[in-house]
Amino acid sequence: MASGAFYHDFRDKRVCFEAVYLAVEEDFFDHITRASQAKSDRWERFLIATEAFFDACVAPDVRQIVLIDGPSVLGWDLWHEIEGRYHFSTMRDGLKALMKAGYLERRPPEPLAHLLFGALNEAARLLAHTDDPQRMRRELTAAHVRVLEGLRPIAFARTPNQLTTWTHSDQSVFQSGSSRGTDTDRPHLSGSGTLGICRQRVGDRPRP
């Protein structure tokens, strides 16, 4: 194959991958948004958004396309820029809303959002490469909630037994189905590499 044809073929494959990547990322973001909207309380919405983020990270398509293939094919800088485009502003705006409502101590939201966003990205990459993603998902979710609890005002302080832990059983939270469902449904992409939808109802969680 001539070098010009090789690079043309490579470029076409990269463009194709980026289109698939963005489609998976869009579903990833929509999944978090729909899950968080299932609750009216701002604190619960923020916690459920975190849980939904970790849930999606162990879904086959998100794990492979977004977390494993994405950084290597797109390059770290572009991958990080796209992730920030979808998730950083949501993190920052969520923190602002929690501070305004008194759930978190008031502080500059931008640095805190960068810290938490960076932690979530590192946690997502850990989930993509661990041998036991379900166990790691539970542990990361519980750890993240404890970090958030530590940022709350003294009036909201809790004992360790009262800390909120949003965890699932070992059973996968993604089950096959075809309908779009309601806003409380969980989206998923098919493991075949083509875009598909899978849903599972979000059950009632204990209030923090």
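Report, by residue number, each residue of the range 84-138 that is touching a helix residue (DSSP H, G or I) at 6+ places or on another chain (Cβ under 8 Å), farther than 21 Å from A59 by Cβ and assigned to a loop (DSSP other than H, G, I, E, B). Matches in the range 84-138: A101, Y103, L104, E105, R106, R107. Among the residues of the range 68-90, just one is of a type in the set (A, V, I, L, M) and without any contact (Cβ under 8 Å) to a residue 40 or more places away in the chain, namely L78. Of the residues making up the range 32-78, those that are out of contact with any strand residue (DSSP E or B) (no Cβ under 9 Å at 6 or more places or on another chain) and either outside any helix (DSSP H, G or I) or of a type in the set (S, T, Y) (or both) are T33, S36, Q37, A38, K39, S40, D41, T50, V58, S72, G75. Being of a type in the set (A, V, I, L, M, F, W, C) and under 19 Å from the mean Cα position of the chain (by Cα), is that true of even one residue in the range 83-94? Yes, the conditions are met somewhere in the range 83-94. Residues of the range 1-34 that are within 21 Å of L74 (Cβ to Cβ), at pLDDT below 60 and of a type in the set (A, V, I, L, M, F, W, C): F6, F10. Comparison of R146, R106, R125 shows that the only residue that is modelled with pLDDT under 95 and surrounded by fewer than 12 Cβ atoms within 10 Å (Cβ to Cβ) is R106. Restricted to the range 62-72, and to residues that are surrounded by fewer than 24 Cβ atoms within 10 Å (Cβ to Cβ) and of a type outside the set (A, V, I, L, M), which residue is nearest to the chain's Cα centre (by Cα)? Among residues in the range 62-72 that are surrounded by fewer than 24 Cβ atoms within 10 Å (Cβ to Cβ) and of a type outside the set (A, V, I, L, M), the one nearest to the chain's Cα centre (by Cα) is R63.
Residue-level check: of (1) without any contact (Cβ under 8 Å) to a residue 60 or more places away in the chain; (2) under 22 Å from R34 (Cα atoms); (3) surrounded by 14 or more Cβ atoms within 10 Å (Cβ to Cβ), D93 misses just (3). Within the set E81, E18, E25, the sole residue that is within 23 Å of L126 (Cβ to Cβ), touching a helix residue (DSSP H, G or I) at 6+ places or on another chain (Cβ under 7 Å), of a type in the set (D, E) and in a helix (DSSP H, G or I) turns out to be E25. Of all residues in the range 21-44, those that are closer than 30 Å to G102 by Cα have Cβ atoms under 6 Å from Cβ atoms of residues that are outside any helix (DSSP H, G or I) and of a type in the set (A, V, I, L, M), 6 or more apart or on another chain, in A38/V202; R42/A101.
The values are calculated or read from the model by the stated rules, or taken from the named source; none is laboratory data. This is a predicted model, so every value here is computed, not measured. Glycine also receives a Cβ, built like all others from the backbone with ideal geometry; neighbour counts cover every protein chain displayed.
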